[in-house]
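Trainee: Below: one structure in structure tokens.
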Amino acid sequence: MLTLNFLVKNIIDFCAISFLLRIWIEWTFLNFEHPFVRFIKKVTQVPINLFKKIIPPINSIYSISLLILFLLMFIKFLLISYIQNTSPIINFYITILLSLISLIKISNYLIFWVISMFVLMNCFQQRSSLFKKFITQLSYKIIEKINFILPNIKNVNYSSLFLILILYLINYIGIDFFGNIWFML
């Protein structure tokens, strides 16, 4: 059962991260000629087109992606609770709330890893690569928002460190409030 739990959780998390990256790419107006951006677009385009046909009033890629993300987290929570032989929470509203919290958790993980890669790539002097340019463009959109709150101190930018500490804080608050359910999400 541990293998099945691992597979279900990681496959659904990969799909969710793909849709979150699609939203983030659209938000930052990245060039769609980048190979990684084209890969994310191809992976997410089929479900988005399917949902556009099923629910025609929703035309925004943001709205459709968020709806798909919510459904993925809802399915993930139900499948993992079934696999672990724990009784799924009977109350529908609590299950919806836990699915939203799971969506927040996975988005925090994505932000954490993108910012961490940005920091590591900037620590080492290397030639510019396509992946470094992609990570830099994604990171700057968030880091520039934090630079308004936390200015440079002696020409050193601490906004990425501040963001990583906030994400750690959110993770530990989730562990304190939800306990074992947090690890299941």
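Trainee: Out of 141, 145, report the one residue that is out of contact with any strand residue (DSSP E or B) (no Cβ under 8 Å at 6 or more places or on another chain), of a type in the set (D, E, K, R) and surrounded by 13 or more Cβ atoms within 10 Å (Cβ to Cβ).
Mentor: None of the other options fit; the residue is 141.
Trainee: With respect to residue 28, determine if the residue is touching a Ser or Thr at 6+ places or on another chain (Cβ under 6 Å) and within 30 Å of residue 129 (Cβ to Cβ).
Mentor: Spelling it out, it is not the case that residue 28 is touching a Ser or Thr at 6+ places or on another chain (Cβ under 6 Å) and within 30 Å of residue 129 (Cβ to Cβ).
Trainee: For the range 127-138, name all the residues that are exposed (fewer than 15 other Cβ atoms within 10 Å of the Cβ) and hydrophobic (A, V, I, L, M, F, W, C).
Mentor: 130, 131
Trainee: Quick one: which of 109, 172 is among the hydroxyl-bearing types (Ser, Thr, Tyr), farther than 21 Å from residue 23 by Cα, within 21 Å of the chain's Cα centre (by Cα) and surrounded by fewer than 17 Cβ atoms within 10 Å (Cβ to Cβ)?
Mentor: 172
Trainee: In the list 68, 23, 106, which residue meets the criterion of being touching a helix residue (DSSP H, G or I) at 6+ places or on another chain (Cβ under 7 Å), in contact (Cβ under 8 Å) with a residue 24 or more places away in the chain, assigned to a helix (DSSP H, G or I) and within 18 Å of residue 183 (Cα to Cα)?
Mentor: 106
Trainee: What number of residues within the range 123-144 are in a helix (DSSP H, G or I), more than 19 Å from residue 18 (Cβ to Cβ) and not β-branched (Val, Ile, Thr)?
Mentor: Total satisfying the criteria: 5.
Trainee: What's the number of the condition residue 62 fails, among (1) modelled with pLDDT of 85 or more; (2) surrounded by fewer than 14 Cβ atoms within 10 Å (Cβ to Cβ); (3) within 24 Å of residue 145 (Cα to Cα)?
Mentor: Result: residue 62 passes all but (1).
Trainee: I'd like the residue in the range 148-160 that is surrounded by 14 or more Cβ atoms within 10 Å (Cβ to Cβ) and assigned to a helix (DSSP H, G or I) and, out of all such residues, is nearest to the chain's Cα centre (by Cα).
Mentor: 160
Trainee: Is one or more of the residues making up the range 2-17 surrounded by 17 or more Cβ atoms within 10 Å (Cβ to Cβ) and within 19 Å of residue 137 (Cβ to Cβ)?
Mentor: Within the range 2-17, one or more residues are surrounded by 17 or more Cβ atoms within 10 Å (Cβ to Cβ) and within 19 Å of residue 137 (Cβ to Cβ).
Trainee: Exactly one condition in (1) more than 19 Å from the chain's Cα centre (by Cα); (2) assigned to a helix (DSSP H, G or I); (3) more than 16 Å from residue 178 (Cβ to Cβ) is not met by residue 95; state its number.
Mentor: (3)
Trainee: Filter the range 35-47 for residues that are crowded, with 17+ Cβ neighbours inside 10 Å and within 11 Å of residue 134 (Cβ to Cβ) and give the result.
Mentor: 37, 40 - these are the residues of the range 35-47 that are crowded, with 17+ Cβ neighbours inside 10 Å and within 11 Å of residue 134 (Cβ to Cβ).
The values are calculated or read from the model by the stated rules, or taken from the named source; none is laboratory data. Fair warning: this is a prediction, and the values are worked out from it, not measured in the lab. Counting neighbours? That spans all protein chains shown, and the Cβs are built from the backbone with ideal geometry, glycine included.
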